[in-house]
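*Asks:* Below are the structure tokens for one structure; questions will follow.
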Amino acid sequence: MTTFAADAGTWRAKARKYRAIARANVQNSLAYAWDALTPGIFVTIFIFIFAQIWKVTFASQNTNVINGLTLNMTIWYFVWAELVQLSKIDPVTTIQNEVKDGSLAYTLGRPYNYVLYHFFHGLGGVGIRLVSVLAFGSFVAGTQAGLLASFRLEVMPLVLFVTVLAFVLDYCIMAMIGLLAFFFEDVMAFRFIYSKITFVLGGLLIPVDFLPDTVQSIARVLPFNLVVYAPSKLFVAWDWEQFGFVVIMQFFWIGVMAGLLTLFYRYGVKRVTINGG
């Protein structure tokens, strides 16, 4: 009983520590109102452009539905896709800069897990970006396509759950890219490659449903579609069977990527060369 109580106390202390990290970043984000609004301004431009493109596409096909998605659903799909893309945690630049300026020697010595620190530090700004992107994006989509006809309020907690898992999966991948700075120092090329893979196979450029069948088959078994496409598709076209499949696949890939991230971090700490440190 004493051991259990001690362990519980330790976990509570750790939880308070990481909550404090997230809370500090929330306060920093709120202190710079312009930075909080920037994602909303970007999504306004993106959704407006996407709306014009897909209006022309549907009109040229002389149809109201393409591969199960209406024009209304397609435009709102991009609202959620951009919400994920613009709100997710991105530790790559931070880790790279810590290696370059030597501050990694200090951050590695702090009394917390280095990987978890960057997750909770980034998590502090996610909620603010979510609200900004959703507010601006919904306004533009509403003016261009009307309200989402297939919207189901009762399943939104589950859509948000899948979206949170998407953030965790993406963070595991992005953190591994960031940790490449332990070996290569400049990792922007790796980040660029990942962003372009997500752009195509992840469903950010177009929904995976619109890709050629062969490319669809590849995209659906890789983790990238689980970051952007999966939560966005469930937002506009809820399906219980698809929800169960997505959650299982997300947990599978999170397990794989988290395991690789842990091994990668342990190996990288032993090999890293820190400038100025």
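The values are calculated or read from the model by the stated rules, or taken from the named source; none is laboratory data. The shown structure was predicted, so the numbers you read here are calculated from the model rather than taken from an experiment. Neighbour counts run over all protein chains shown; Cβ positions are idealised from the backbone, glycine included.
*Asks:* Is it the case that the range 108-119 has a residue that's surrounded by 17 or more Cβ atoms within 10 Å (Cβ to Cβ) and in contact with a Ser or Thr (Cβ under 7 Å, 6 or more places away or on another chain)?
*Replies:* Looking through the range 108-119, at least one residue is surrounded by 17 or more Cβ atoms within 10 Å (Cβ to Cβ) and in contact with a Ser or Thr (Cβ under 7 Å, 6 or more places away or on another chain).
So that you can scan it fast, the table gives a plain yes or no per residue for (1) within 24 Å of Ile95 (Cα to Cα); (2) exposed (fewer than 13 other Cβ atoms within 10 Å of the Cβ):
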residue	(1), (2)
Phe182	yes, no
Asp186	yes, yes
Phe192	yes, yes
Ser217	no, yes
Val236	no, no
Val247	no, no
Leu260	yes, no
Tyr267	yes, no
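*Asks:* Val256: closer than 26 Å to Leu160 by Cβ, touching a Cys at 6+ places or on another chain (Cβ under 9 Å) and of a type in the set (A, V, I, L, M, F, W, C), yes or no?
*Replies:* yes
*Asks:* Considering only the range 134-151, state which residues are surrounded by 13 or more Cβ atoms within 10 Å (Cβ to Cβ) and of a type outside the set (A, V, I, L, M, F, W, C).
*Replies:* Selection gives Gly137, Ser138, Gly142, Gln144, Ser150.
*Asks:* Taking the criterion of being at pLDDT 95 or above, within 30 Å of Gln96 (Cα to Cα), surrounded by fewer than 16 Cβ atoms within 10 Å (Cβ to Cβ) and not β-branched (Val, Ile, Thr), would at least one residue in the range 225-232 satisfy it?
*Replies:* No, the range 225-232 has no match at all.
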